[in-house]
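See below for the structure under consideration.
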Amino acid sequence: MTSLDLAQQRLREFAAEAAGISPLYEHLASRAAEDPEVADLLTAASPGSNASGELLLAAAHRLVQAEPFHQLSNYYPSLGGTYGADESTWPLFRDFVLERAERVRGLVSSQVIQTNEVRRAALLYPAVAAAAKQAGGPIGLVEAATTAGLLLGLDQYSYRYQTAEAGQLVAGPAKAALGLHCALELAPGAVLPKLPKTVKVAAKAGIGVAPVDLTDEDAYAWLEACVWADQPERLRLFGVACTVLRKNPPRLVAGDPVADLAKAVEGIDAPLVVISSGSGLDLVPALSSLGRPAWWAAHEDGELRLVRVSDAGVEKTTLATTEAHGQRLVWR
């Protein structure tokens, strides 16, 4: 398979992923997959990076951000556009990226997709609350595989969980700047979780391969560009969460989230609760090697799990199944 064949395959895969979720990105990715000139732009990705078709769309989004008066912006709700995808969208997009081919290639070769989905905090909150209850006091909160540390603001956001059994369950600070909504359903035989109004956090830290400084304008703009352009509510939530974190930035450590986890927890004396979302990591060996009790609230593989590591061993509990971006929990 040539590099172009691979790029076209990845664009088709991304179009399928976007189907029913992002009409704009499904439209653009499916057409890019059948256009060798446009698909070839994705071949600039670093070898071995496993870059998805999403990277090409993010690069284009970044360049449209930089030229907000271009006609293509009419199709980008993130920039105030109100047009739905029509017969003019693809020709405009095609001309736009090919006319800026070197800039597109530069972004594709130097950047990676950074997913900062703050709505996932609504999935993690019940697990972190359960860990804090078991810990019996303020916790040290650590995010593994972080980018910008948005999930570390978990204790500063408010939550509204919509249930069929009890209406709306409310948690988090009453006057939080950011409010998150999540559907909460019950699996057969399950009962609603008891959610505390607050989770007390004594210290915070995050660790990731390349943490992002939210005060860096270029880095921040790339994170915005990674939000799908026809999902302005996600972009709004991202912006508010960044504003919250900038007021009291958590300590972010560059390193391997597994091998260097001990670096992230240095100086944290409170009971340790590590969170992760969509990381694909197994943190149990790293947590076991710390030589202290720890909890891992894991949103991984469509499930919310709470793992407790102590001298007595490892205890794993699956709390719920989830939707990827934080829209829904099915409690077990």
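How long is segment 245-332 along each principal axis, judged by its Cα atoms, biggest number first, in Å?
39, 36, 22
Mind checking which of 30, 110, 158 has the largest fluctuation in a GNM of the chain, springs on alpha carbons under 10 Å?
110
Calculate, for the chain, the solvent-accessible area per residue in square angstrom, rolling a 1.4 angstrom probe over the heavy atoms of the protein chains.
With the other protein chains kept in place, the chain gives 45 Å² per residue.
Expressed as a whole percentage, what fraction of the accessible surface of segment 167-315 belongs to carbon and sulfur atoms when a 1.4 Å probe is rolled over the protein heavy atoms?
Carbon and sulfur together cover 53 percent of it.
What 222 nm value per residue comes from the helices of the chain, counting each DSSP H run with n ≥ 4 as -39,500 (n - 2.57) and dividing by all residues, nearest 500 deg cm²/dmol?
-10500 deg cm²/dmol
Can you give the relative contact order of segment 43-173 as a percent, counting alpha carbon pairs under 8 Å and 6+ residues apart?
For segment 43-173, the relative contact order is 19 percent.
I'd like the distance separating the alpha-carbon centroids of segment 171-209 and segment 1-26, in whole Å.
The two parts, judged by their Cα centres, are 34 Å apart.
Using a Gaussian network model on the chain with a 10 Å cutoff between Cα atoms, which of 277, 310, 73 fluctuates the most?
Checking each option, the largest mean-square fluctuation is seen for 310.
Using 31 Å as the Cα-Cα cut-off, could you pick out the over-long pairs in 194/263; 194/316; 175/316?
In this structure, 194/263; 175/316 exceed 31 Å between Cα atoms.
Just the number, please: carbon plus sulfur as a percent of the accessible area of segment 76-118, 1.4 Å probe, no ligands or DNA/RNA counted.
47
Anyone know which of 155, 269, 230 comes out most mobile in the 10 Å Cα GNM of the chain?
Looking only at 155, 269, 230, the largest GNM fluctuation is found for 269.
Based solely on C-alpha atoms, express the radius of gyration and the Dmax of segment 124-212 in angstrom.
Rg and Dmax of segment 124-212, Cα atoms, are 14.2, 43 Å.
Can you pull the percent of segment 11-64's accessible area that's carbon plus sulfur, 1.4 Å probe, other chains left in place?
After summing per-atom areas, the C and S share lands at 49 percent.
Considering Cα pairs under 8 angstrom that are at least six residues apart, work out the relative contact order of segment 141-238 and quote it in whole percent.
32
Hey, how many Å between the Cα centroid of segment 288-332 and the Cα centroid of segment 47-103?
Here the two parts' Cα centres lie 38 Å apart.
Using Cα-Cα distances under 8 Å and only pairs 6 or more residues apart, what relative contact order does segment 228-328 have, in percent?
Here the relative contact order equals 16 percent.
Let me check the size of the chain from its C-alpha atoms; what are the radius of gyration and Dmax in Å?
Final numbers for Rg and Dmax: 20.9, 63 Å.
Considering only DSSP beta bridges whose two residues both sit in the chain, what percent are antiparallel, to the nearest 5?
Close to 45 percent.
The values are calculated or read from the model by the stated rules, or taken from the named source; none is laboratory data. Everything quoted here is computed from the prediction, not taken from an experiment. Ligands, DNA and RNA are excluded from the accessible area calculation, which covers all protein heavy atoms including side chains. Shrake-Rupley method; radii C 1.70, N 1.55, O 1.52, S 1.80 Å.
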